[in-house]
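The values are calculated or read from the model by the stated rules, or taken from the named source; none is laboratory data. These numbers were taken from a predicted model, which means no experiment stands behind them. Note: ideal-geometry Cβ built from the backbone for every residue, glycine included; neighbour counts use all protein chains shown.
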Amino acid sequence: MKKIQPLLITIFTTLPLVTFAQTKTLKDLISLVAGYFNDILALLMGAAVVMFVWYVIRYFIMPNEKRTEAAQYIMWALIGFFAILSLWGLVNILIGTFNLQTGSPTRWTDLKSLFPGN
């Protein structure tokens, strides 16, 4: 019984995933991955903004000798902004090109659909 129990747990936990996967198309899978990638880029952008603001504050507080480290972090944060926004734009171009609509809005005008009654 002890050898069968892990097998049964595995079967019962993966069975819904297998049956759910059979009803999805490739377009749904790509749309799901693009949506996750879009969400990850949003989190990275938030982290880059926090890092940028933190080191701008440190740049003005630090004495002149230690400002170079804060200035380097500010420069890397700006480079990170550019890279993240470029990837974000690329993902949205691919979503628009292949008509892969995710659950999250890709344009500002799509925000109206998030609230009921609009």
Next item on the list: Starting from the stretch 27-38, take each residue that is closer than 13 Å to residue 87 by Cβ and list its partners that are of a type in the set (A, V, I, L, M) and surrounded by 12 or more Cβ atoms within 10 Å (Cβ to Cβ), counting only C-beta distances under 7 angstrom and pairs at least six apart or across chains.
Entry: 34/91; 34/94; 34/95; 34/100; 37/91; 38/91
Checklist line | Residues located in the stretch 21-36, provided they are farther than 30 Å from residue 73 by Cα and either at pLDDT below 70 or part of a helix (DSSP H, G or I) (or both) | finding: 21, 22, 23, 24, 26, 27, 28, 29, 30, 31, 32, 33
Item checked: Residue count, the stretch 56-94 (criterion: in a helix (DSSP H, G or I) and either touching a Ser or Thr at 6+ places or on another chain (Cβ under 6 Å) or farther than 21 Å from residue 43 by Cα (or both)) -> 15
Notebook entry, point to check: Just a yes or no: is a residue in the stretch 101-111 modelled with pLDDT under 80 and touching a Leu at 6+ places or on another chain (Cβ under 8 Å)?
Noted result: yes
Check: If a residue has to be loosely packed, with under 15 Cβ neighbours inside 10 Å and either of a type in the set (Gly, Ala, Ser) or touching a residue at least 24 places away in the same chain (Cβ under 8 Å) (or both) to count, how many in the stretch 82-94 make the cut?
Finding: 5
Next item on the list: Tell me, yes or no, whether the stretch 37-47 has at least one residue that is closer than 30 Å to residue 27 by Cα, charged (D, E, K, R) and either more than 15 Å from the chain's Cα centre (by Cα) or modelled with pLDDT of 85 or more (or both).
Entry: no
Check: In the set 18, 53, which member is among the β-branched types (Val, Ile, Thr), part of a helix (DSSP H, G or I) and modelled with pLDDT of 85 or more?
Finding: 53
Next item on the list: Output the residues belonging to the stretch 56-67 that are surrounded by 11 or more Cβ atoms within 10 Å (Cβ to Cβ) and among the β-branched types (Val, Ile, Thr).
Entry: 56, 57
